[in-house]
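The values are calculated or read from the model by the stated rules, or taken from the named source; none is laboratory data. As the structure is a prediction and not an experimental result, all values here were calculated from the model. Using ideal geometry, Cβ is built from the backbone for each residue, glycine included, and neighbour counts are taken over all protein chains shown.
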Amino acid sequence: MAHPLAFPAIHASHSGIWLRDNQGETRRLGRGEAVALAADTPVILLNAPLIGQRIGYADISGLDLLELFAFVHPARFMVPTPAGLARALSLSPPLEGRGSRGGGVPQAQRQDDNPHPNPSPEGEGLISDPDVPAFLHAAAETLLATLESPDWPEREGAWDVAHALHRQRWAWSGEVIRRLPKPERAEKWLFSRLSEWEEEAPRPAPGAVTLDEEMVIDQLDALTGQGAEKREGQVAYAKSAARVFSPRERRDAPNMLLAEAGTGIGKTLGYLAPASLWAAEADGAVWVSTYTKALQRQLRQETQRIYPDAKVLKHKVVVRKGRENYLCLLNLEDALQGGFSGRPAIFAQLVARWAAYTRDGDMIGGDMPGWLPTLFRRKGTTALTDRRGECIYAGCAHYRKCFIEKASRASSQADIVIANHALVMVNAVRGREEQSHASRIIFDEGHHLFDAADSMFSAALTGQEAIEIRRWVIGPEGNSRGRRRGLAARLADVASYDAEGGAAIEAARMAASLLPGEGWLQRLIEGVPQGEIEALFAAIRALVYARDESGSQDAGYGLETECAELSGELLEAAAKAASAIDRLLKPLITLGKRLEALLVDGPDWMDGPARARIEGALGSLGWRTDSLTAWLSMLSALGGPADSDFIDWLAVDRFEGREYDIGLHRRWIDPTRPLAKTVLEPAHGVMVTSATLKSGDDWPQAIARTGAAHLPGETMQFSAKSPFDYGRQAEILIVTDIKRGDISALANGYARLVEASQGGALGLFTAIRRLRAVHGRIADRLAEHGLPLYAQHVDPIDTGTLVDIFRDDPRATLLGTDALRDGVDVPGHSLRLVVMEGVPWPKPSIVHKARKLSNGGSAYDDQIIKARLAQAFGRLIRSKQDHGHFVVLSAAFPSRLLSAFPEGTTVRRVTLAEAVLAVQSQKYESSHQPQQDQRIS
């Protein structure tokens, strides 16, 4: 039964604003009229935060089709644009010259493991902005009609969630309930529909196996497929990777291989071939670690070649991430039962819809649409995951259905575990049982291993860290709803059974109450700190501001100062703070000993779930005591001689002029030392691979930045150049006539280059401020040419979704910072131009200054810059069919940095006008270039 929608539809881009009214007429609006209309009338739109930004009305709320799509098709991928929505619903997109057509029916549900298909032929057309509102009406009708379809695969649970959303005054609830037939039988509660994990026997140690080269080649042939082009570099790479899996000869000396494989070698299948073969032959697990979520998705797709049967794949391959990535069912239950209100409560209900259909419960980079949390508030995701280590393990009513526990147990039985660098390191440091099976590790995106180790093995005594420990010990304060999560609540049975343990819990609670609590930062700004730790932060803040010589106090950047020649006031505050921390550390150590004793000689009431809960509490306790011990070490070093192994400094962290943290920081001069000790030495085989592992230099840098330098014996090395013809496919243009610091000239340069390429451009910046300034100057200008512009730190869209949008539209341009330089894989016509604002010099921080001093001075800077340039250039050519230009807007680009680029690539120093002509002509052959051409050799 048809129910015509009686709501207008609105669309806004940088080109303008259009409205389709109830009579089907479309007209253009001014911003003032659009704001007035959106404030008074429910309107159909696509991506309310983005539309609100475009019309200048941030609080716009209406009938967002993204919310409706998340309700109708939970856990299904969709690019959040008119073209993306059209593809997801099998509708014709509103392209120029066609007008919008509302035909088509929703496609059957796909559990698509490749959520980034190449743009369809229709995607090559230009979206007609005036036709978008009519298309939004058609899309809304299609989505709502799905609710009445007997073939709708996501029907289960929809009735209850729709009525819960109606009670929360969700804008779509009336239309949804009108079309949603009442189920014949009462629907099961979400938590009763989820499957339970099953306990399995521990996996035995893998067998000692040496892989036969011919078998490895046969496996590689099977994975690449019949008729596939045989790549000599890939074959040699696979043979080299196989050596990692041989039995090691001596303790603490893994078979370690550093392998640089240029783009196009096919390194993923190159190492998966021997890895899967060894896993099958030795009955062991191989952990493949990445730095970006995009590569994790790609790896899962590639493993379908090894295990084409979906059921076998699910058992053999597991994607693992940190706990903070997964939905916590207990947090969700709290949210659904009143813990959230207003818009966050609507978000919780849509998450509940997703939870019933998700593959693995991964909220960050999994099958939850990245755009869904941004429609509400980012804190909603934080509140629904376990980001504070407050898990009560077996004490949770949902423990047997926990997504985190499912992933952990599945990884202990899998052949291939796809993880990330941080998780591999965390598991090694904390001695998790599952990590004992990770005797063979492949670190892909190995050029990031140093940075991952730098973050993992750092320490920070800051307000944010202190308040987290306070919450962990005491529990949430000022919140009567929901469960208590402090130590006393989690270990109530231990406290009642063991007097010494109970006393330790109470002593820890009293000591933790003196740590910074809610409002600590405002008290510091007002000059009224409470307690010894806040007094320390007040002293740090005062000294940092007093010694700042950066000239950036008014610019809003973070401030820092070295731990040298410290004032007597700060040293006195540090001594008192250390005493306060010690009062907390001692009872926690005592509690840890009591918990260990209970596990050894358990009482009668300690069943399996109670043991698991105590083991979980003990693991969290160890993490906290390690942090407190590090804090004491840092405080004791103040005023004394500097430790040659560490860099200590004081900082006030700020963003856009607003302070958000204050404290004392510590980093290793060489973080690969603890990496080698805790992660590499216990392993039997380790492979570190990347397309830019050496970044144009010889092996010493790669050896130093991967931890190989700290291992006994020789490290194996392999290098294969890219098969691409860079001299034909790419050209590097260094623009010489844009003055450094001239934002107007910089913006003009970006605009002219994007216009010349007709989109398909990735713009890279080293500073958010300059990115925003350029975006503000060129957005409307590009819109006049039908060229959409998106930007990190400007558009209210998460980075992953921005890349999805960019990949999907060959006329789009995307501006961004470091995350886009390192994590974008956009093969084909959608990326044909990369523009960098200048040389990516390292930020002159205290950490960088210390490492530069210890690692060869300016040569260390060059290594970092070359690595960044190599990664940025690597975004451009991803296949033999790709062509493009790499443009650096810097007159002072040093020639010594050119070795960062592949051999054979043509480099020209040109004016902006010449660069624009080169991009327009799309000529890549070097034979006709002027004399100033420079070939990289």
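Is at least one residue of segment 363-381 part of a helix (DSSP H, G or I) and surrounded by fewer than 19 Cβ atoms within 10 Å (Cβ to Cβ)? Break it down into steps so the answer makes sense when it comes.
As a first pass, look at segment 363-381 and keep what is part of a helix (DSSP H, G or I): 371-374, 378-381.
In the following step, the residues that additionally are surrounded by fewer than 19 Cβ atoms within 10 Å (Cβ to Cβ) were identified as 378-379.
There is at least one residue in segment 363-381 that is part of a helix (DSSP H, G or I) and surrounded by fewer than 19 Cβ atoms within 10 Å (Cβ to Cβ).
For segment 870-884, does any single residue satisfy the condition of being surrounded by 21 or more Cβ atoms within 10 Å (Cβ to Cβ), in contact with a strand residue (DSSP E or B) (Cβ under 9 Å, 6 or more places away or on another chain) and of a type in the set (Lys, Arg)?
Yes - at least one qualifying residue is present in segment 870-884.
Of the residues that make up segment 837-849, is at least one at pLDDT below 90 and either out of contact with any Cys (no Cβ under 9 Å at 6 or more places or on another chain) or not acidic (Asp, Glu) (or both)?
Kept after step one, since they are at pLDDT below 90, are these residues of segment 837-849: 843-844.
In the following step, the residues that additionally are either out of contact with any Cys (no Cβ under 9 Å at 6 or more places or on another chain) or not acidic (Asp, Glu) (or both) were identified as 843-844.
Looking for residues that are at pLDDT below 90 and either out of contact with any Cys (no Cβ under 9 Å at 6 or more places or on another chain) or not acidic (Asp, Glu) (or both), one finds at least one in segment 837-849, hence yes.
Report every pair of residues separated by at least 6 positions or lying on different chains whose Cβ atoms are under 6 Å apart, first residue within segment 289-300 and under 22 Å from Phe450 (Cα atoms), second surrounded by fewer than 19 Cβ atoms within 10 Å (Cβ to Cβ).
Lys293/Gly365; Ala294/Asp825
Taking Gly501 as the residue in question, decide whether it is modelled with pLDDT under 95, part of a loop (DSSP other than H, G, I, E, B) and surrounded by 15 or more Cβ atoms within 10 Å (Cβ to Cβ).
Values: modelled with pLDDT under 95: yes; part of a loop (DSSP other than H, G, I, E, B): no; surrounded by 15 or more Cβ atoms within 10 Å (Cβ to Cβ): yes.
For Gly501, the condition - modelled with pLDDT under 95, part of a loop (DSSP other than H, G, I, E, B) and surrounded by 15 or more Cβ atoms within 10 Å (Cβ to Cβ) - is not met.
Taking the conditions exactly as written (touching a residue at least 40 places away in the same chain (Cβ under 8 Å) and assigned to a loop (DSSP other than H, G, I, E, B)), does Arg400 satisfy them or not?
On the way: touching a residue at least 40 places away in the same chain (Cβ under 8 Å): yes; assigned to a loop (DSSP other than H, G, I, E, B): no.
No.
Give just the number: which of (1) of a type in the set (Gly, Ala, Ser); (2) more than 23 Å from Val803 (Cα to Cα); (3) touching a Lys or Arg at 6+ places or on another chain (Cβ under 9 Å) does Gly884 not satisfy?
All conditions are met except number (2).
Condition (residue is surrounded by 14 or more Cβ atoms within 10 Å (Cβ to Cβ), at pLDDT 65 or above and closer than 19 Å to Trp18 by Cα) applied to segment 94-111: is it met by at least one residue?
yes
Among the listed residues Glu549, Glu518, which satisfies the condition of being more than 19 Å from Arg471 (Cα to Cα), part of a loop (DSSP other than H, G, I, E, B) and within 35 Å of the chain's Cα centre (by Cα)?
Numbers: Glu518 fails: more than 19 Å from Arg471 (Cα to Cα).
The conditions single out Glu549.
If the requirement is being free of Cβ contacts under 8 Å to residues at least 60 places away in the same chain, assigned to a helix (DSSP H, G or I) and either loosely packed, with under 12 Cβ neighbours inside 10 Å or of a type outside the set (Ser, Thr, Tyr) (or both), which of these qualifies: Val244, Val235? Lay out the reasoning, then the answer.
Working: Val244 fails: free of Cβ contacts under 8 Å to residues at least 60 places away in the same chain.
Among Val244, Val235, only Val235 is free of Cβ contacts under 8 Å to residues at least 60 places away in the same chain, assigned to a helix (DSSP H, G or I) and either loosely packed, with under 12 Cβ neighbours inside 10 Å or of a type outside the set (Ser, Thr, Tyr) (or both).
Given Leu194, Leu180, Leu165, Leu258, which one is crowded, with 21+ Cβ neighbours inside 10 Å and under 30 Å from Phe71 (Cβ atoms)? Spell out how you get there, then give the answer.
Details: Leu194 fails: crowded, with 21+ Cβ neighbours inside 10 Å; Leu180 fails: crowded, with 21+ Cβ neighbours inside 10 Å; Leu258 fails: under 30 Å from Phe71 (Cβ atoms).
Going through Leu194, Leu180, Leu165, Leu258 in turn, the sole match is Leu165.
Got at least one residue in segment 170-181 being without any contact (Cβ under 8 Å) to a residue 24 or more places away in the chain and charged (D, E, K, R)?
Going through segment 170-181, the residues without any contact (Cβ under 8 Å) to a residue 24 or more places away in the chain turn out to be 173-174, 177.
Then keep just the ones that are charged (D, E, K, R); that gives none.
Scanning segment 170-181, I find no residue that is without any contact (Cβ under 8 Å) to a residue 24 or more places away in the chain and charged (D, E, K, R), so the answer is no.
So, restricting to strands (runs of 3 or more DSSP E) that lie completely within segment 1-46, which ones have at least 3 residues that are among the aliphatic types (A, V, I, L, M) and buried (at least 17 other Cβ atoms within 10 Å of the Cβ)? So that I can check it myself, show each step before the final result.
On the way: elements: 9-13, 16-20, 26-29.
The qualifying strands (runs of 3 or more DSSP E) are 9-13.
Report, by residue number, each residue of segment 467-490 that is assigned to a loop (DSSP other than H, G, I, E, B) and either modelled with pLDDT of 85 or more or not small (Gly, Ala, Ser) (or both). Show your work before the answer.
Here is the first cut: in segment 467-490, the residues assigned to a loop (DSSP other than H, G, I, E, B) are 475-486.
The answer is Pro476, Glu477, Asn479, Arg481, Arg483, Arg484, Arg485.
Applying the selection to segment 141-161, what residues are over 31 Å from the mean Cα position of the chain (by Cα) and not charged (D, E, K, R)?
Within segment 141-161, Thr142, Leu144, Ala145, Thr146, Leu147, Ser149, Pro150, Trp152, Trp159 qualify.
With the condition kept exactly as written, say whether any residue in segment 802-820 is assigned to a helix (DSSP H, G or I) and more than 25 Å from Gly749 (Cα to Cα).
Pass one, segment 802-820, residues assigned to a helix (DSSP H, G or I): 802-808, 818-820.
Still in the running and more than 25 Å from Gly749 (Cα to Cα): 804.
Yes, segment 802-820 has at least one match.
Assess whether Ala709 counts as being without any contact (Cβ under 8 Å) to a residue 60 or more places away in the chain, of a type in the set (A, V, I, L, M, F, W, C) and not assigned by TED's automatic domain parsing to the domain that holds Val916. Write out each step before concluding.
Details: without any contact (Cβ under 8 Å) to a residue 60 or more places away in the chain: yes; of a type in the set (A, V, I, L, M, F, W, C): yes; not assigned by TED's automatic domain parsing to the domain that holds Val916: yes.
Judged against the criteria, Ala709 is a match.
Assess whether Ala335 counts as being touching a Gly at 6+ places or on another chain (Cβ under 9 Å), surrounded by 23 or more Cβ atoms within 10 Å (Cβ to Cβ) and over 25 Å from Gly800 (Cα atoms). Spell out how you get there, then give the answer.
Working: touching a Gly at 6+ places or on another chain (Cβ under 9 Å): yes; surrounded by 23 or more Cβ atoms within 10 Å (Cβ to Cβ): yes; over 25 Å from Gly800 (Cα atoms): yes.
It is true that Ala335 is touching a Gly at 6+ places or on another chain (Cβ under 9 Å), surrounded by 23 or more Cβ atoms within 10 Å (Cβ to Cβ) and over 25 Å from Gly800 (Cα atoms).
Counting only residues that are assigned to a loop (DSSP other than H, G, I, E, B) and over 36 Å from the mean Cα position of the chain (by Cα), how many does segment 169-207 have? Don't jump to the end; show me each part of the working.
The first filter runs over segment 169-207 and keeps only residues assigned to a loop (DSSP other than H, G, I, E, B), leaving 169-172, 180-189, 194-207.
Those still in the list that are over 36 Å from the mean Cα position of the chain (by Cα) too: 180-186.
Looking only at that region, the number is 7.
Residues in segment 619-676 that are farther than 21 Å from Ala577 by Cα, assigned to a helix (DSSP H, G or I) and either of a type in the set (Asp, Glu) or without any contact (Cβ under 8 Å) to a residue 40 or more places away in the chain (or both): how many?
2
I'd like the residue in segment 677-707 that is among the hydroxyl-bearing types (Ser, Thr, Tyr) and part of a loop (DSSP other than H, G, I, E, B) and, out of all such residues, is nearest to Ser289 (Cα to Cα). So that I can check it myself, show each step before the final result.
At the first step, the residues of segment 677-707 found to be among the hydroxyl-bearing types (Ser, Thr, Tyr) are 678, 689-690, 692, 695, 706.
From what's left, part of a loop (DSSP other than H, G, I, E, B): 692, 695, 706.
Values: Thr692: 16, Ser695: 20, Thr706: 14 Å.
So, considering only residues that are among the hydroxyl-bearing types (Ser, Thr, Tyr) and part of a loop (DSSP other than H, G, I, E, B), the one nearest to Ser289 (Cα to Cα) is Thr706.
Could you check how many residues of segment 435-466 are assigned to a loop (DSSP other than H, G, I, E, B) and of a type in the set (A, V, I, L, M)?
We begin by selecting, within segment 435-466, every residue assigned to a loop (DSSP other than H, G, I, E, B); these are 438-439, 444-445, 457-458.
Pick out the ones that are also of a type in the set (A, V, I, L, M) and you get 438.
Matching residues across segment 435-466 total 1.
Considering only segment 47-77, how many residues are modelled with pLDDT of 90 or more and not in a helix (DSSP H, G or I)? Steps first, answer last, please.
Here is the first cut: in segment 47-77, the ones modelled with pLDDT of 90 or more are 47-55, 63-77.
Cutting the leftovers down to not in a helix (DSSP H, G or I) gives us 47, 63-64, 73-77.
So the count comes out to 8.
Select from segment 291-312 the residues that are surrounded by fewer than 17 Cβ atoms within 10 Å (Cβ to Cβ) and of a type in the set (A, V, I, L, M, F, W, C) and write down the one among them that is nearest to the chain's Cα centre (by Cα).
Ala310
Could you list all residues from segment 510-529 that are within 15 Å of Ser579 (Cα to Cα) and polar (S, T, N, Q)?
Correct list: Ser513 only.
For residues in segment 276-334 being outside any helix (DSSP H, G or I) and of a type in the set (Ser, Thr, Tyr), which is modelled with the lowest pLDDT? Break it down into steps so the answer makes sense when it comes.
Pass one, segment 276-334, residues outside any helix (DSSP H, G or I): 283-292, 306-309, 317-322, 326-328.
If we keep only those that are of a type in the set (Ser, Thr, Tyr) too, we end up with 289-292, 307, 326.
Working: Ser289: 96, Thr290: 94, Tyr291: 91, Thr292: 86, Tyr307: 95, Tyr326: 94.
Result: Thr292.
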